[in-house]
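None of the figures in this text is laboratory data; all of them are computed from the coordinates on show. If you're wondering where the values come from, they're calculated on a predicted model, not measured in any experiment. Note that each Cβ is placed from the backbone with ideal geometry, even for glycine, and that neighbours are counted across all protein chains shown.
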Amino acid sequence: MNETRIVDLRRERGWTQEKLATECGVGIRTIQRLEAGNDASLETLSLVADALGVPVRDLFAAIESDELSGRVDSFESRAGDQQAARDRVRGGWFILFVGVGVVVTLLGAMDGRMGSVVIPAYWGGGLLILIAADRLYLSSHLDAKFPLSRSKRDRRRRKRIESKTEAVRQRAAGAPSKL
């Protein structure tokens, strides 16, 4: 039997089962089954691990089954590959935006009158359009294409949660916090 640490990790953060279920996007009954040690899919465990800010492997006190250990390794490898692919696609869109911006700037610099309008319009308005396109289209498209990856915004949010959790833990232990 592979003993889970989900209860300990949840309690370290001061979360209830309801809070963890909400953060994971799963039902409370699923959390109860996981905490009771019932088997779950790696995708569900990934949601829990992501909400708790730990790798899937850290959800277990020890992985006794070689088969499960291999599945967890394979899953973590796939998640890393998908995250790298997602980051490459987002980076490509940004490089495209900058590349077009350089061309617009060079062409605008050649035409003095229109350039003073076109250059700021592209860099200001174009950036707003890029952000809107990312939030309205690109992020959801990448979520569907790379389901094991997380957006940069989600990763930043998780990092903030982790740092706040660490600060609460340090305060509880009597150590000075970094916040």
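Observations on the structure shown:
- The value of relative contact order for the chain, using C-alpha pairs under 8 Å at least six residues apart, is 22 percent.
- Mean separation of Cα pairs under 8 Å and 6 or more residues apart, divided by the residue count, gives the range 34-138 a relative contact order of 13 percent.
- With the cut-off at under 18 Å, measuring from each backbone N in the range 1-33 to a point 7 Å along the Cα-to-Cβ line of Asp143 picks out 21-27.
- Using the rule -39500 (n - 2.57) for each DSSP H run of four or more residues, divided by the residues of the chain, the 222 nm mean residue ellipticity is -22500 deg cm²/dmol.
- Most fluctuating residue given options Ser74, Ser139, Ser46, as computed from a GNM of the chain linking Cα atoms under 10 Å: Ser74
- R0 of 35 Å, Cβ-Cβ distance Ala133-Arg71: FRET efficiency to nearest 0.05: 0.45
- Over the range 80-147: Kirkwood hydrodynamic radius from C-alpha pairwise inverse distances, Å: 13.3 Å
- Backbone HN-Hα couplings from phi across the range 73-80 [Karplus 6.51/-1.76/1.60, Hz, Gly and Pro as x]: 4, 4, 4, 5, 5, 4, 4, x
- Contact order relative to length of the range 1-64, as percent, for alpha carbon pairs under 8 angstrom and 6 or more apart: 49 percent
- Per-residue ³J(HN,Hα) for the range 165-173, Karplus 6.51 cos²θ - 1.76 cosθ + 1.60, θ = phi - 60°, Hz, x for Gly and Pro: 4, 5, 5, 5, 4, 5, 5, 5, 8
- Residues with amide H under 5 Å from that of Phe60, placed H, sequence gap 5 or more: Arg5
- (i) 1.82; (ii) 1.40; (iii) 1.07, with the label sought being that of the calculated Cα Rg over 2.2 N^0.38 Å: (ii)
- Debye log10 I(q)/I(0) for the range 1-64, one point scatterer per Cα, at q = 0.18, 0.23 Å⁻¹: -0.53, -0.92
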